[in-house]
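See below for the structure under consideration.
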Amino acid sequence: MCCHTLWAQKHTISGYVKDGKNGEVLIGVNVYEKGTTNGVSTNAYGFYSLTLSADTHLIVASYLGYATQEKKISLSEKNVVQNFELSDASNALNEVVVSSEREDQNVKSTEMSVAKLDMKQISRIPALLGEIDIIRAVQLLPGVTTMGEGASGINVRGGNIDQNLILLDEAPVYNASHLFGFFSIFNPDAVKDVKIIKGGIPAQYGGRLSSILDIRMKEGNSKKLQINGGIGTIFSRLSIEAPLIKDKMSFIVAVRRSYIDILAGPVIKKRNPALGNLQFYFYDLTTKLNYHINEKNNLFLSGYFGQDVFGAGFSFKYGNSTASMRWNHLFNDKLFLNTTAFYSNYHYGIGFTNQGTGTAFDWTSNIINYSVKPDFTYYINNKNTMHAGGQSIFIQFNPGQSSVTSNGSSNTVILPNKFSFENALYIDDELKINSRFVVQAGLRYSLFNYMGKGERYNYYDTIPNNSRRLKDSSYYGTLKTIAQYGNFEPRFSAKFDLNDASSIKASYNRTAQYLQLVSNTAASTPLDIWTPSTNNILPQLSDQVALGYFRNFKENMFESSVEVYYKVMQNQLDYIDNANLLLNKFYEGDLLQGKGRAYGAEFYFKKTKGKFTGWVSYTYSRTLRQVNGLSNDKWFPSKYDRPNNLAVVLNYDFNKYWNVSCNFIYISGTPNTFPDSRFEIQGYVQGYNTSNMRNNFRNPAYHRLDFSATYNFKKNDKRRWKSSLVFSIYNAYAHRNTFALYFQANPSMPTQTQALQYSVISTVIPAITYNFKF
């Protein structure tokens, strides 16, 4: 009876926090009882649950950039549903109390090795041709690099681009680039939240070693019609969002299309008639429907469809298609369920036709995913929150189908499809030991099956760095297991407050990856092949530990952090010299696997308030590989090893009409393998690497300075129309950054060699973009 009475004295307040202007749910809002340490943050769907004593409480909802709200709530008799709608801090309503407390989530949260960017920050960063780009913004954060201009993807803490799980409304994206890496596929008008996790990865995420890039789309304005757009130098964009049923059902549709072919096509074709029909463009469509069924159920439908098309005497296409359906269900005030089902298809191909000779070549490939994932959140009490769930993913790999036509006859080569089924279960618990110490521990178990129908190939062992010959093969029927792997993946993180403004954090995570990107080029291309783990390709494993110190200054106007990490990787994919990977069904005989390690220190300093804002990040890191048969079996720098990485991002608001921005980047050059000697044969020179060491030299460092200025036109209070002009300068001092460096004999004097540098961008690129909103 006593225990029953104590339990009856507790009640729960729960609900959603939204933007009062457009109805968008807000992620990570602090909801707490004023004057106490009782508080929680809203989840990815804006939901919170807070259990308090049966009394009257002053509840505060606080979020950076929004006016803080305080509401007096009585919990004397029953549980209460209380939703919040926050208004912009610059337009606070009279009844809203503007709090003096600042956002200190970077110090107080158990999260570490995590960075969040909102679209306001991203929109101010100077960008190539003036176009807002999410991936390029992420590359300015500590621990994140790229292979250079024209290279797709990102490299996080020494990992390959395939070791990043990029999610768009929880559906995976296998190639996040347009125009070979110059732009990302994410339309900024449709994106609400960007978050990258580099360490301390929660148990709900799996399948990749290095990072999670979680991108959430807008739900669509549930209050009124809103139209956003922009007319730029290289492409234009338009988005429409509106309520179908006010405050209940809304949608957003966003489209982009480049027009290089329209502007430059006639000129190029006139100068080079032999190129034929010029195709050089990309497009994408992003859409989402949001339906608030009732207080306990919400439904979200999201889709992305995009493609790049290039052709000038040839045809080159690649693109992504994703669709996701998410259902939120609230069982009670403490138990929240999100169930996600998604489809993802990355397809690519190349072809050409010679009308004169009658020859033609076509090649296509794709990877298709189907998945379902239930995820439960149980708010046990204010000190204890539990996550649990599972995921099943079926993947179909179509490595390649090609046809060659010559002299009227045709020959088709079809590599056999591959199939895999990956299942995972996870549980995760965040526990507040006391007001200063918080721990989060989780465990994930993943089970991977490489399945038929298909052939299992077995190869002879041979001397490392030599192609292995096929020993035998055996056929497996549909859904029969060819190879199976299972891994426990523990996760742990902890936070201890030193005082109100600083904390130390630590984390450990093991991750397993069962998909690999097969590529032996200097930078990844859209034509690289995805393959599952097989009986010949072991899954990649990674163990990472990290330690960090976080400190804020002047009521959180300044944020700073220092993190160090050490990562050990197993079964890293590499290749024998001169490996044959394209349209080779026995390519596994040319693969090698070895060990990897990466370590580094990341420094981050950010100013979040005032007219002058921005951040400085510096990373010192190393990433090494050791593969039997390569580099004399010794450790060597991986191709992603770039020790020094400095990024400076500065923004200044002169007034409500003008603001200017600049960023500067300096990154150590990429490693490369060059000859250190030479010999002559019949008057011709051949380079030779006497040490046999891989990546024995380093390309020159990459550095670049960009500027932008934005003019916001004066708003007419009688009209909803808002517009701005963005002037930008990319590569302001016209530095020729090295993308590739190689040697060749001097054509006029074969006994002499010369070094050739290839630069993707070697001049200043100015641009102007007109943005509008109403």
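The values are calculated or read from the model by the stated rules, or taken from the named source; none is laboratory data. Computed from a predicted structure; not experimentally measured. Please note: Cβ atoms are built from the backbone with ideal geometry, for glycine as well, and neighbour counts cover all protein chains shown. Keep in mind that these areas ignore ligands, DNA and RNA; they rest on the heavy atoms of the full protein, side chains included. Shrake-Rupley method; radii C 1.70, N 1.55, O 1.52, S 1.80 Å.
Observations on the structure shown:
This table checks each residue for (1) open to solvent by 10 Å² or more (accessible area, probe 1.4 Å); (2) more than 30 Å from GLY23 (Cα to Cα); (3) hydrophobic (A, V, I, L, M, F, W, C).
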| residue | (1), (2), (3) |
| --- | --- |
| LEU165 | yes, no, yes |
| LEU179 | yes, yes, yes |
| ASN187 | no, no, no |
| LYS195 | yes, no, no |
| GLY199 | no, yes, no |
| PRO202 | yes, no, no |
| PHE235 | no, no, yes |
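- Against the conditions (1) open to solvent by 50 Å² or more (accessible area, probe 1.4 Å); (2) farther than 14 Å from ASP574 by Cα, ASN659 satisfies every one except (1).
- Tabulated pairs, segment 418-433, first under 14 Å from PRO539 (Cβ atoms) and touching a residue at least 60 places away in the same chain (Cβ under 8 Å), second open to solvent by 60 Å² or more (accessible area, probe 1.4 Å) and in a strand (DSSP E or B), C-beta under 7 angstrom, 6+ apart or interchain: ALA424/TYR445
- Within segment 286-294, none of the residues are modelled with pLDDT under 90 and either open to solvent by 60 Å² or more (accessible area, probe 1.4 Å) or assigned by TED's automatic domain parsing to the domain that holds ILE215 (or both).
- Some residue of segment 545-562 being charged (D, E, K, R), in a loop (DSSP other than H, G, I, E, B) and without any contact (Cβ under 8 Å) to a residue 12 or more places away in the chain: yes
- Selection within segment 758-774 - open to solvent by 70 Å² or more (accessible area, probe 1.4 Å) and of a type in the set (Val, Ile, Thr): THR763, ILE768
- Odd one out for GLY206, checked against (1) within 22 Å of TRP327 (Cα to Cα); (2) outside any loop (DSSP other than H, G, I, E, B); (3) open to solvent by 10 Å² or more (accessible area, probe 1.4 Å): (2)
- Condition check for SER250: of a type in the set (S, T, N, Q) and either open to solvent by 10 Å² or more (accessible area, probe 1.4 Å) or within 29 Å of SER724 (Cα to Cα) (or both): yes
- ASP333 vs. criteria outside any strand (DSSP E or B) and buried (at least 18 other Cβ atoms within 10 Å of the Cβ): yes
- Among the residues listed as ASN382, ASN354, ASN328, ASN338, the single one being touching a strand residue (DSSP E or B) at 6+ places or on another chain (Cβ under 6 Å) and over 22 Å from ASN298 (Cα atoms): ASN382
- Pairs, first closer than 9 Å to SER211 by Cβ in segment 144-167, second in a helix (DSSP H, G or I), C-beta under 8 Å, six or more apart: VAL144/VAL138; ILE154/ILE135; ILE154/VAL138; ILE154/ILE161; VAL156/GLN163
- So ILE433, is it at pLDDT 95 or above and either open to solvent by 20 Å² or more (accessible area, probe 1.4 Å) or of a type in the set (Lys, Arg) (or both): no
- Residue in segment 267-285 that is within 28 Å of the chain's Cα centre (by Cα), of a type outside the set (Asp, Glu) and either in a loop (DSSP other than H, G, I, E, B) or modelled with pLDDT of 95 or more (or both) present: yes
- Filtered residue count, segment 24-39, keeping only those that are among the β-branched types (Val, Ile, Thr) and either surrounded by 20 or more Cβ atoms within 10 Å (Cβ to Cβ) or within 21 Å of ALA190 (Cα to Cα) (or both): 4
Okay, residues lined up against (1) out of contact with any Ser or Thr (no Cβ under 8 Å at 6 or more places or on another chain); (2) assigned to a loop (DSSP other than H, G, I, E, B); (3) over 16 Å from GLU563 (Cβ atoms); (4) not aliphatic (A, V, I, L, M):
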| residue | (1), (2), (3), (4) |
| --- | --- |
| TYR618 | yes, no, no, yes |
| LEU624 | no, no, yes, no |
| ASN628 | yes, yes, yes, yes |
| TYR640 | no, yes, yes, yes |
| ASN645 | no, no, no, yes |
| TYR652 | no, no, yes, yes |
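- Across segment 601-613, the number of residues qualifying as open to solvent by 10 Å² or more (accessible area, probe 1.4 Å) and assigned to a strand (DSSP E or B) comes to 8.
- Strands (runs of 3 or more DSSP E) within segment 678-755 that include 2 or more residues in contact with a strand residue (DSSP E or B) (Cβ under 7 Å, 6 or more places away or on another chain) and modelled with pLDDT of 80 or more: 702-712, 722-730, 740-746
- For segment 517-531, the count of residues that are buried (at least 20 other Cβ atoms within 10 Å of the Cβ) and at pLDDT 95 or above is zero.
- Sole residue being open to solvent by 60 Å² or more (accessible area, probe 1.4 Å) and in contact (Cβ under 8 Å) with a residue 24 or more places away in the chain, chosen from ASN499, ASN466, ASN458: ASN466
- Check on SER435, small (Gly, Ala, Ser) and closer than 30 Å to THR359 by Cβ: no
- Residue list for segment 336-358, restricted to those being more than 20 Å from the chain's Cα centre (by Cα), open to solvent by 20 Å² or more (accessible area, probe 1.4 Å) and of a type outside the set (A, V, I, L, M): THR339, PHE352, THR353, ASN354, GLN355, GLY356, THR357, GLY358
- When residues of segment 100-142 are limited to those that are charged (D, E, K, R) and assigned to a helix (DSSP H, G or I), the one most open to solvent (accessible area, probe 1.4 Å): LYS120
- Inter-residue pairs, beta-carbon under 9 Å, first surrounded by fewer than 19 Cβ atoms within 10 Å (Cβ to Cβ) and in segment 371-393, second modelled with pLDDT of 95 or more and basic (Lys, Arg), 6+ apart: GLY390/LYS373; SER392/LYS373
- Residue ID - nearest to SER123 (Cα to Cα), chosen from residues in segment 699-757 that are β-branched (Val, Ile, Thr) and open to solvent by 30 Å² or more (accessible area, probe 1.4 Å): ILE729
- Checked against the criterion of being in a strand (DSSP E or B), of a type in the set (A, V, I, L, M, F, W, C), surrounded by fewer than 18 Cβ atoms within 10 Å (Cβ to Cβ) and modelled with pLDDT under 85, the candidates PHE361, PHE305 yield just one match: PHE361.
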